[in-house]
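J.: Sending over a structure as C-alpha cells; questions will come in a sec.
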Amino acid sequence: MRSFLKQGAPQRADAFAAEADGLEALRPHIRVPKILDRGVKDGRAFIVLEQLDLKHSGDYAALGRMLAALHRQTGPRFGWHRDNYIGATPQQNAWCDDWAEFWVTRRLEPQISMARDRGFDVAMPSMHLLENHKPQPSLLHGDLWSGNAGFTSEGPVVFDPAVYYGDREADLAMTELFGGFPREFYRAYNEAFPLPAGYEKRNHLYNLYHLLNHLNLFGGGYLGQVKATLGLLARLL
C-alpha cells in the first residue's frame with residue numbers, strides 16, 4: 001500500500017492524534033484513508049496515511065448520500081470526547097446539552113476573542129436563528145470544504161476532519177462557503193435526509209465560524225466577508 005506522510009514540529013503530535021481520532025470515528029460510516037502509523041520520531045511528529053489516487057470529479061450524488069448516512073449517526077450530546085483542531089486552530093468540544101449554547105461558547109466566542117486580540121473589531125451576532133431550532137447531535141466531518149473531499153475508483157472519500165456531534169446543517173453550510181459542490185450533491189443529500197426549514201438563514205451563522213477562523217489564521221483579507229456576514233445576520237433579525 002502506498003503511503004502519504006505528514007510531519008511537523010513535536011507540538012503537532014496532538015493535532016495528528018486528533019486527526020487519527022476523527023478518521024477512526026468516521027470510518028464505519030464514510031470512506032476515509034487508512035491510518036498506517038503515527039507518533040514522534042527524531043524530534044518530528046508525524047502521521048502516515050494511505051495514499052489515495054484521487055480524481056478531480058466523480059459521483060457527487062453518492063457523496064451526498066454518504067454524508068446523509070453519516071449525519072444519521074447521533075450522539076448523546078453536542079461536542080466530542082476530546083478537543084481537536086479546525087485547520088491549525090484549536091477547537092473546543094466540551095460536551096453541552098444545548099446547541100445554541102454550544103455554538104456560542106465552543107465555536108464563536110473563542111474565534112471572536114482571538115480576532116479581538118489581533119485587533120479586529122468583530123461582534124457577537126444574535127442567536128435568534130437558533131432559538132426554536134432543536135437539532136439532533138449528528139456526527140459531523142466538521143471541516144467539509146471541497147479540498148477535504150474527493151473521489152477514487154471505489155467512490156467518494158473524505159479526509160482532514162474536525163469531528164464532533166453537532167447540527168448537520170453546519171457541515172452542509174461549509175460545503176457552500178467556498179463552492180465546489182454541484183447541485184446533484186445537494187439534491188441527493190436532501191432526498192436521503194431533507195433539511196428543515198430555515199437552513200438558508202442558519203447557514204450564514206454556521207459559516208461565520210469558518211470565516212472568523214480564516215480571519216485569525218490568514219489575516220485581514222477575510223475581514224470584509226466577516227463584516228458582510230455579520231451585517232446579513234443583523235438584517236435577518
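The values are calculated or read from the model by the stated rules, or taken from the named source; none is laboratory data. Keep in mind that this is a model prediction, so the values were computed, not measured. We place every Cβ from the backbone using ideal geometry, glycine too, and count neighbours over all the protein chains shown. Accessible surface areas use protein heavy atoms only, side chains included; no ligands, DNA or RNA. Shrake-Rupley method; radii C 1.70, N 1.55, O 1.52, S 1.80 Å.
Residue-wise test of (1) among the β-branched types (Val, Ile, Thr); (2) open to solvent by 20 Å² or more (accessible area, probe 1.4 Å); (3) in contact with a strand residue (DSSP E or B) (Cβ under 7 Å, 6 or more places away or on another chain).
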residue	(1), (2), (3)
137	no, no, yes
142	no, no, yes
204	no, yes, no
209	no, no, no
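J.: Now a separate question. Residues in region 55-66: is at least one assigned to a loop (DSSP other than H, G, I, E, B), in contact with a strand residue (DSSP E or B) (Cβ under 8 Å, 6 or more places away or on another chain) and among the hydroxyl-bearing types (Ser, Thr, Tyr)?
T.: Yes: one or more hits.
J.: OK, next. Considering each residue of region 82-99, count those that are surrounded by fewer than 18 Cβ atoms within 10 Å (Cβ to Cβ), touching a residue at least 60 places away in the same chain (Cβ under 8 Å) and part of a loop (DSSP other than H, G, I, E, B), and give that number.
T.: 4
J.: Something else about it: Scan region 1-39 for residues that are among the β-branched types (Val, Ile, Thr) and open to solvent by 80 Å² or more (accessible area, probe 1.4 Å) and report the count. Steps first, answer last, please.
T.: In the first step, residues of region 1-39 are kept if they are among the β-branched types (Val, Ile, Thr); the result is 30, 32, 35.
Now narrow it down to the ones that are open to solvent by 80 Å² or more (accessible area, probe 1.4 Å): none.
Residues that pass the stated criteria total 0.
J.: Among the residues that make up region 114-126, is at least one of them touching a strand residue (DSSP E or B) at 6+ places or on another chain (Cβ under 8 Å) and either modelled with pLDDT of 95 or more or not aromatic (Phe, Trp, Tyr) (or both)?
T.: Taking every residue of region 114-126 in turn, at least one turns out to be touching a strand residue (DSSP E or B) at 6+ places or on another chain (Cβ under 8 Å) and either modelled with pLDDT of 95 or more or not aromatic (Phe, Trp, Tyr) (or both).
Conditions tested, residue by residue: (1) under 20 Å from the mean Cα position of the chain (by Cα); (2) under 20 Å from residue 148 (Cα atoms).
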residue: 17; (1), (2): yes, yes
residue: 34; (1), (2): yes, yes
residue: 40; (1), (2): no, no
residue: 75; (1), (2): yes, no
residue: 81; (1), (2): yes, no
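J.: Let me ask something else about it. Would you please list the contacts, defined by Cβ atoms under 6 Å and residues six or more apart or on different chains, that run from a residue in region 106-125 that is closer than 26 Å to residue 167 by Cβ to a residue that is aromatic (Phe, Trp, Tyr)?
T.: 107/209
J.: Right, here's the next one. Can you find a residue that is open to solvent by 40 Å² or more (accessible area, probe 1.4 Å), over 16 Å from residue 32 (Cβ atoms) and in a helix (DSSP H, G or I) anywhere in region 118-130?
T.: Looking through region 118-130, at least one residue is open to solvent by 40 Å² or more (accessible area, probe 1.4 Å), over 16 Å from residue 32 (Cβ atoms) and in a helix (DSSP H, G or I).
J.: Among what's in region 126-157 and is hydroxyl-bearing (Ser, Thr, Tyr) and under 15 Å from the mean Cα position of the chain (by Cα), pick the residue that is farthest from residue 22 (Cα to Cα).
T.: Here the answer is 146.
J.: Please determine whether any residue of region 180-190 is modelled with pLDDT under 95, outside any helix (DSSP H, G or I) and either open to solvent by 20 Å² or more (accessible area, probe 1.4 Å) or within 26 Å of residue 136 (Cβ to Cβ) (or both).
T.: Checked region 180-190: at least one residue is modelled with pLDDT under 95, outside any helix (DSSP H, G or I) and either open to solvent by 20 Å² or more (accessible area, probe 1.4 Å) or within 26 Å of residue 136 (Cβ to Cβ) (or both).
J.: Answer with yes or no whether residue 213 is assigned to a helix (DSSP H, G or I) and either surrounded by fewer than 21 Cβ atoms within 10 Å (Cβ to Cβ) or hydroxyl-bearing (Ser, Thr, Tyr) (or both).
T.: No.
J.: Could I ask something else about it? Do you know which residues across region 225-237 are under 16 Å from residue 111 (Cα atoms), of a type outside the set (A, V, I, L, M) and either open to solvent by less than 50 Å² (accessible area, probe 1.4 Å) or touching a strand residue (DSSP E or B) at 6+ places or on another chain (Cβ under 9 Å) (or both)?
T.: Taking region 225-237 and keeping what is under 16 Å from residue 111 (Cα atoms), we get 225-227, 229-230.
Then keep just the ones that are of a type outside the set (A, V, I, L, M); that gives 225, 227, 229.
Listed by number, the list holds a single entry, 229.
J.: Go through (1) among the charged types (D, E, K, R); (2) touching a Pro at 6+ places or on another chain (Cβ under 9 Å); (3) in a loop (DSSP other than H, G, I, E, B) one by one and return the number of the condition residue 169 breaks.
T.: (3)
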